[in-house]
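Peer 1: The following block contains the structure, expressed as structure tokens.
The values are calculated or read from the model by the stated rules, or taken from the named source; none is laboratory data. Please read all numbers here as calculations on a predicted model, not as lab measurements. Cβ sites come from the backbone with ideal geometry, for glycine too, and all protein chains shown count toward neighbours. Note: areas computed on protein heavy atoms with side chains; ligands, DNA, RNA excluded. Shrake-Rupley method; radii C 1.70, N 1.55, O 1.52, S 1.80 Å.
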There are 4 protein chains.
Amino acid sequence: MSPRTPTADRLAGVVPPLVTPLTADGELDLPSLERLIAHQIDGGVDGIFALGSSSEVAYFEDAMRERILEAVTGIVAGQVPVLVGVIDMQTRRVQAHMRAAERFSPAGYVATAPFYSITGPEEIERHFRLLAEAASAPVWAYDLPVCVHTKLGADMLVRLGSDGCLAGVKDSSGDDVGFRRLAALNRAAGSPLSLLTGHEVVVDGAYLAGADGVVPGLGNVDPAGYARLHRAAVSEDWAAMKAEQERLSRLFEIVFQPVGKVGPAAGVGAFKTALRALGVISTNTMSEPMSPIEGEAVERIRTLLVETELL
Amino acid sequence: MSPRTPTADRLAGVVPPLVTPLTADGELDLPSLERLIAHQIDGGVDGIFALGSSSEVAYFEDAMRERILEAVTGIVAGQVPVLVGVIDMQTRRVQAHMRAAERFSPAGYVATAPFYSITGPEEIERHFRLLAEAASAPVWAYDLPVCVHTKLGADMLVRLGSDGCLAGVKDSSGDDVGFRRLAALNRAAGSPLSLLTGHEVVVDGAYLAGADGVVPGLGNVDPAGYARLHRAAVSEDWAAMKAEQERLSRLFEIVFQPVGKVGPAAGVGAFKTALRALGVISTNTMSEPMSPIEGEAVERIRTLLVETELL
Amino acid sequence: MSPRTPTADRLAGVVPPLVTPLTADGELDLPSLERLIAHQIDGGVDGIFALGSSSEVAYFEDAMRERILEAVTGIVAGQVPVLVGVIDMQTRRVQAHMRAAERFSPAGYVATAPFYSITGPEEIERHFRLLAEAASAPVWAYDLPVCVHTKLGADMLVRLGSDGCLAGVKDSSGDDVGFRRLAALNRAAGSPLSLLTGHEVVVDGAYLAGADGVVPGLGNVDPAGYARLHRAAVSEDWAAMKAEQERLSRLFEIVFQPVGKVGPAAGVGAFKTALRALGVISTNTMSEPMSPIEGEAVERIRTLLVETELL
Amino acid sequence: MSPRTPTADRLAGVVPPLVTPLTADGELDLPSLERLIAHQIDGGVDGIFALGSSSEVAYFEDAMRERILEAVTGIVAGQVPVLVGVIDMQTRRVQAHMRAAERFSPAGYVATAPFYSITGPEEIERHFRLLAEAASAPVWAYDLPVCVHTKLGADMLVRLGSDGCLAGVKDSSGDDVGFRRLAALNRAAGSPLSLLTGHEVVVDGAYLAGADGVVPGLGNVDPAGYARLHRAAVSEDWAAMKAEQERLSRLFEIVFQPVGKVGPAAGVGAFKTALRALGVISTNTMSEPMSPIEGEAVERIRTLLVETELL
């Protein structure tokens, strides 16, 4: 079976990685999820990224992943495209997640390089080719060294794009120099890849460098802000883009308020705490072994929402 | 439910992490597995570690994990205890693997710290406590920073041991200084933990430092050698121990023969290639996206088997 | 003695870290240095950074450092301010370099965090305070984790700026998210620090984030390009800024042409090879144990100079 | 000039890296240094390593290095060989330190790989060859990735040994698997290198692996203990070796007593604090920007000295 052709319509713009609202006892909170998705679509997002890292996908059993996917695609109901994260250690496990997601007709699958086992560059490229062969929808590469501990090479990504194996890249590599180079190589190859940045506070710079859009965790909290930023970029109103980015960067300070927490316990925890303060979701419960943000940090997050005119 | 009490009989000695023989098309090769397990038990091992990293567990879907576990426990048939690796990203997914393994009555579960998501020290400790609460058999901590990207602290491990949450540690941290300190802290606490080293070529030093045994990937190839090494250590025949270690360290050079391969593609690939040369298993097939070792490296591996008197 | 007050005039704009032209036998090539400095000043730079990492300062004995400094300050002759790198392992050694440089009346000293020995955050802050106490000119912090293996915290930097111990930061941390946060904290504190980015290919994004200028190694080759980029930023002509950045990013590809070289052997080597092709310096000789770029890479660098309209 | 031939007599045994006793105001404390060296020689050491990392060499100006070297070699007065650390960033700076040390007729120079600038493997090998060409005494390689951020390859080290460019290796790499392989390769090449381990708490394992001796920072405190350990190893009395190592590993706990300190501030600080408690040196003063150990940690260090029968 040969690699599939990407869809004609290239995904771009604002595609927030949806957090997963949980009840106090850790179950999927459907009413909160409905409000959260309405918050996104009312905010003007261009797509939804389900089961991304911000969804706590790594913490959920397969059945819970499926429950979330069913709920998200049901609520979104085709209003915007839904990308689906298929996060697992190696090729076959990722393929299994793709098969499980197939019945929800995703607009694309988002997969990282293999992790846990040390994997060389040839195997990483083969991994993505095998995913593309097996996929019922376009495949996106998720460049996330902080979790995966390898950096995807720009040459490989553009080659996979040119070969029709990748439709785009979600770049959360924290490597702006590398992103610029990826964008240049992509342009030189006829732009086979749609390039989305995952770094909420430097989206303006990414647009200058050649990004097509953004996958902002912070977009859960303020999708309208990112939609304005994107429209400013599209219309090359760089001053408006910069101003919006400054406000959003200020808002991003919420993730630095928790004390003694790292990773998603701090970042996703802050998004949930802010969304609760905004009345969008009902709890800031996190998956075990994480604990929710409590105490003064909750108040400081509320203050930042006020300062950035969301409350 | 309170943490379970470790079994009275502490596992120690040689517990090889079994590789998974595959047919040329990637299916479980049962006849080879039978020969491989006979090779281990004839060699005098004290236990079998199923679904460890060397088994390519990260590459298999859940159904394949279960198939392997059913086959291994069926063939071993109680001749030695079987530890079961429950390798996954976060607590609930690990618990799911424990539940799936329960019907095979393992002697213990071996779990790493959470990975993929960044996880802080308090959450890592809570992770192991939650595993212990849910476990039907003793839990072992698997310290493997090269895959998991965190190092388990000695203080935490001994505390978890004293609280009955951990029965032992498989230390593949590559940190001999830390291992010595772990052994000293464990002794000072009354030795709640059984300590197994995972580093095949420095087992003699680990025994001096206080190891109770070894989980040698290379033991797949030469279980009898590790059994002799262990008996020499138990009888404090340090000269014999050192001599056996020297031969095994020479044998370990097989993992450095492949060119252009890293991680399990090189290491596990070399074990399989050697086992094929010894007539124990039928192919050296590796899971996708890895490819098997071919060409001159195969011949160099054979030469090393001759030099170390295995062929 | 209390920390000194930064000069009233804040350094900003384009401050290239000057490479050191060498004769074929490794001596300072004065005629080439004269042409190189003229190339910079004609290009419209706002300052010169002498003895930065790009100067090969780490490779030179103290006497050579002094020779370079004497030559550079003599040739510059006050046309633009000269910052002086005082690169060494720990506080006293850095102070010794400051004393040796004093007679050349530098506009400021640029110092990294301590390196080689592991140093904690309190000691790093004390290091900069001790440097400020001993300095005859403003001190700049050089954030360069790739060489120094610690990242300078934004809170510490702004605190040192507010206390008059630091005049600015040269940020080569590769952390654009951190830079944005540093810029925001600095602004909130009344902008005590001048912030210069060291990343040649994402200067436009850095300006959006709040940079005051740039220290571009590539500016050795094309100072006029960076001067145009800076002027576009100052006049908020973002479209012109982006266009100039694109051209310079294309030019930066010269550093990826050498095969089998890393670090300054590739990067500074490419700058020297390009400057030789432009007729500015006479050799592309590098300090031992580095070797100069030879073979096809030289031709590919020339081609890139043509493509970017420098040749 | 061709590389020099190593001296006939190969250095082995216990070679402590001497700490530098300082007066309260940071000057060299000569009376303490005399007592410290007498403590070493009375303890039965086989050599002294001056200006190693434990000496705080990275913190001293060149004049202070020379002062220390003059004092140490004067006091040792040929009773045992003196190795001299020549720690600096790149080849020429290291060569300058060798020239400065030449008049003290050292038994050898100890040099790391280049640091600060990123340096590739070919350049590292060339670095050591250039040092050997310029050296008036045998050169030792100091493998110290925690400071230098590269690991020296075993193949390269043995090749340099066989070519007469290196007399030995001080291995502080923390990689016991790599050390075993280095020892095996060295033996296979006719043992051109003398191999000294720098890891105080696993010296027994290193002797099993093939070490010729040890460079123990902790040997400053208890040289007699390490001399006993070495003699036990030489006479293959492995039980006595293990017992002595256990006591010394217990003593090493002094480095974990300081709170909020890392690197030499903790480790060397603990050695000095212990030596002060033993009456060998007068202060536990550390070089700026480090501060001395104070408070309860001092008492805990004293308790450990009592427990290990040194007080």
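Peer 1: Counting partner chain Cβ atoms within 10 Å of every residue's Cβ in D:141-152, what's the average?
Peer 2: On the way: counts 0, 0, 0, 1, 0, 4, 6, 3, 6, 0, 0, 0.
Other-chain Cβ atoms within 10 Å of each residue's Cβ, averaged: 2.
Peer 1: Work out which residues of the range B:168-214 lose at minimum 50 square angstrom of accessible surface when the other protein chains are put back, relative to the chain isolated, with a 1.4 angstrom probe, and list them by number.
Peer 2: B:Asp176, B:Val177, B:Arg180, B:Arg181, B:Val202, B:Leu208
Peer 1: Tell me, what is a quarter of the convex hull surface for the C-alpha atoms of the range B:197-261, in nm² with one decimal?
Peer 2: On the way: hull surface 16.8 nm².
Over all viewing directions, the range B:197-261 projects a mean Cα-hull area of 4.2 nm².
Peer 1: Let me ask something additional. How much FRET efficiency would the formula 1/(1 + (r/R0)^6) give for B:Glu70 and C:Ser291, where r is the Cβ-Cβ distance and R0 is 56 Å, rounded to 0.05? Walk me through the numbers before you get to the answer.
Peer 2: On the way: r = 59 Å, r/R0 = 1.06.
Step by step, r from the Cβ atoms, then E = 0.40.
Peer 1: For the range B:227-248, state which residues have at least 10 Å² less accessible area in the presence of all protein chains than in their chain by itself, taking the probe as 1.4 Å and leaving out ligands, DNA and RNA.
Peer 2: Buried by 10 Å² or more upon assembly, which counts only protein chains, are B:Trp238, B:Ala239, B:Lys242, B:Glu246.
Peer 1: Hey, got the average number of other protein chain Cβ atoms within 10 angstrom for residues in A:116-129? Show your work: numbers first, answer last.
Peer 2: Working: counts 16, 15, 8, 7, 8, 2, 7, 9, 1, 1, 4, 3, 1, 1.
Other-chain Cβ atoms within 10 Å of each residue's Cβ, averaged: 6.
Peer 1: Explain nothing, just compute: Karplus ³J(HN,Hα) = 6.51 cos²θ - 1.76 cosθ + 1.60, θ = phi - 60°, for every residue of the range B:207-224 in order, whole Hz, x for Gly and Pro.
Peer 2: Computed from phi, the couplings for the range B:207-224 are 5, 4, 6, x, 5, 9, x, 9, 10, x, x, 5, x, 3, 7, 10, x, 5 Hz.
Peer 1: I've got another one for you. For C:Arg10, place a label point 7 Å from Cα along the Cα-to-Cβ direction in every copy; what are the distances to the other copies, in nm, shortest first?
Peer 2: 3.9, 6.3, 6.4
Peer 1: Report, to the nearest whole %, how much of the accessible area of the protein assembly as shown belongs to carbon and sulfur atoms, 1.4 Å probe, protein only.
Peer 2: Details: 21400 of 41070 Å².
That fraction is 52 percent.
Peer 1: While we're here: Estimate for me the total accessible surface buried between chains C and A (protein heavy atoms, probe 1.4 Å, no ligands or nucleic acids), in Å² to the nearest 100. Working shown, then result.
Peer 2: Details: alone 13270 and 13280 Å², together 24400 Å².
The summed interface area works out to 2100 Å².
Peer 1: Tell me whether the range D:1-112 comes out rounded, prolate or oblate; compute the Cα gyration tensor, take square roots of the eigenvalues as a ≥ b ≥ c, and use a/c under 1.5 as the rounded threshold.
Peer 2: Working: a/c = 2.00, a/b = 1.16, b/c = 1.73.
It is oblate, given that a/c is not under 1.5 and a/b is not larger than b/c.
Peer 1: 222 nm [θ] for chain C, helices only, -39500 (n - 2.57) per DSSP H run of 4+, per residue, to 500? Numbers along the way, then the final one.
Peer 2: Details: 12 runs with 140 residues, N = 311.
Rounded to the nearest 500, it is -14000 deg cm²/dmol.
Peer 1: For the range B:13-237, count the residues as N, evaluate 2.2 N^0.38 Å, and divide the Cα radius of gyration by that value, please. Let's see the in-between values first.
Peer 2: Working: Rg = 16.5 Å, N = 225, 2.2 N^0.38 = 17.2 Å.
Taking N as the residue count of the range B:13-237, the ratio is 0.96.
Peer 1: Could you tell me the relative contact order of chain C? Use alpha-carbon pairs under 8 Å, at least six residues apart, and round to a whole percent.
Peer 2: Details: 587 pairs, mean separation 62.9, N = 311.
The normalised contact order for chain C reaches 20 percent.
Peer 1: Keeping all protein chains in place and using 1.4 angstrom, which order do D:Ser105, D:Ser194 fall into by accessible surface area, from largest down?
Peer 2: Descending accessible area places them as D:Ser105, D:Ser194.
Peer 1: Keeping all protein chains in place and using 1.4 angstrom, which order do D:Leu11, A:Leu218 fall into by accessible surface area, from largest down? Before the final figure, lay out the partial values.
Peer 2: Working: D:Leu11 25, A:Leu218 0 Å².
Accessible-area ranking of D:Leu11, A:Leu218, largest first: D:Leu11, A:Leu218.
Peer 1: Using only alpha carbons, build the gyration tensor for the protein assembly as shown and give me the equivalent ellipsoid semi-axes, biggest first, whole Å. Write down the numbers at each step before the final one.
Peer 2: Details: eigenvalues 394, 389, 170 Å².
Equivalent ellipsoid of the protein assembly as shown: 44, 44, 29 Å, largest first.
Peer 1: Now a separate question. Kindly identify residues of the range D:261-309 having a loss of at least 40 Å² in accessible area between the isolated chain and the assembly of all protein chains, probe radius 1.4 Å.
Peer 2: D:Val262, D:Glu288, D:Pro289
Peer 1: Moving on to the next point. Considering Cα pairs under 8 angstrom that are at least six residues apart, work out the relative contact order of the range D:37-167 and quote it in whole percent. Provide the component values of the computation, followed by the final result.
Peer 2: On the way: 177 pairs, mean separation 26.8, N = 131.
The value is 20 percent.
Peer 1: What share of the DSSP beta bridges in the protein assembly as shown is antiparallel, in percent to the nearest 5? Present the calculation step by step, with values, prior to reporting the outcome.
Peer 2: Details: 4 of 96 bridges.
Beta bridges within the protein assembly as shown, antiparallel portion: roughly 5 percent.
Peer 1: How far apart, in nanometres, would the label points at B:Glu309 and D:Glu133 be if each is projected 7 angstrom from Cα along the Cα-to-Cβ direction?
Peer 2: About 4.8 nm separates the two model spin labels.
Peer 1: With a probe of 1.4 Å, find how much accessible area the protein assembly as shown has per residue, and write the answer as a whole number in Å². Before the final figure, lay out each step's value.
Peer 2: Values: 41070 Å² over 1244 residues.
I get 33 Å² per residue for this part.
Peer 1: Using a Förster distance of 45 angstrom, determine the FRET efficiency expected from the C-beta separation of B:Ala243 and D:Val146, and round it to 0.05. It would help to have the intermediate numbers written out before the result.
Peer 2: Numbers: r = 33 Å, r/R0 = 0.72.
Efficiency computed from Cβ-Cβ geometry: 0.90.
Peer 1: Which residue, chosen from A:Leu22, A:Val110, A:Gly190, occupies the Cα position most advanced towards the positive end of the dipole of the range A:13-237, where the dipole is computed from +1 (Lys, Arg) and -1 (Asp, Glu) charges on Cβ about the Cα centre?
Peer 2: Looking along the dipole axis, the top candidate is A:Gly190.
Peer 1: Where both residues lie in chain A, what percent of DSSP beta bridges are antiparallel, nearest 5? Please report the intermediate quantities before stating the final value.
Peer 2: On the way: 1 of 24 bridges.
If I count the DSSP bridges inside chain A, around 5 percent turn out antiparallel.
Peer 1: If you place +1 on the Cβ of every Lys and Arg and -1 on the Cβ of every Asp and Glu, how big does the dipole about the Cα centre of the protein assembly as shown come out, in debye to the nearest 20?
Peer 2: Numbers: 108 positive and 156 negative charges, 0 e Å.
For this selection, approximately 0 debye.
Peer 1: Between copies, how far does the label point of B:Asp62 sit from its twins, in nm, shortest first, when each point is 7 Å from Cα along Cα→Cβ?
Peer 2: Copy-to-copy label distances for B:Asp62: 0.5, 6.8, 6.8 nm.
Peer 1: Is any residue of the range B:195-210 close enough, with backbone N under 13 Å, to a label point placed 7 angstrom from the Cα of B:Arg10 along the Cα-Cβ axis, and if so, which?
Peer 2: B:195-196, B:210
Peer 1: Would you mind getting me the FRET efficiency between C:Glu122 and D:Glu102? Use the beta-carbon distance for r and R0 = 51 Å, nearest 0.05. Don't skip to the end; give the middle numbers.
Peer 2: Numbers: r = 39 Å, r/R0 = 0.76.
After rounding to 0.05, the efficiency reads 0.85.
Peer 1: Hey, another quick one. Mind checking the dipole of the range D:13-237: about its Cα centre, +1 per Lys or Arg Cβ, -1 per Asp or Glu Cβ, Debye to the nearest 20? Can you show the working numbers first?
Peer 2: On the way: 17 positive and 29 negative charges, 101 e Å.
Taking the Cα centre of the range D:13-237 as origin, the dipole is about 480 debye.
Peer 1: Please list the three semi-axes, largest first and in whole Å, of the ellipsoid equivalent to the range B:166-299, using sqrt of 5 times the eigenvalues of its alpha carbon gyration tensor. List each step's numbers first, then the result.
Peer 2: Numbers: eigenvalues 183, 56, 29 Å².
The three semi-axes for the range B:166-299 are 30, 17, 12 Å.
Peer 1: One decimal, nm, shortest first: give the distances between the label point of C:Arg231 and those of the same position in the other copies, each label point 7 Å from Cα along Cα→Cβ.
Peer 2: 3.6, 8.0, 8.6
Peer 1: What distance in nm separates the two pseudo spin-label positions at C:Ala188 and C:Arg231, each 7 Å out from Cα along the beta-carbon direction?
Peer 2: 3.7 nm
Peer 1: Hey, another quick one. Considering only chain B, pick the residue with its Cβ nearest the axis of the rotation onto chain D, and state the distance in whole Å.
Peer 2: B:Gly205, 1
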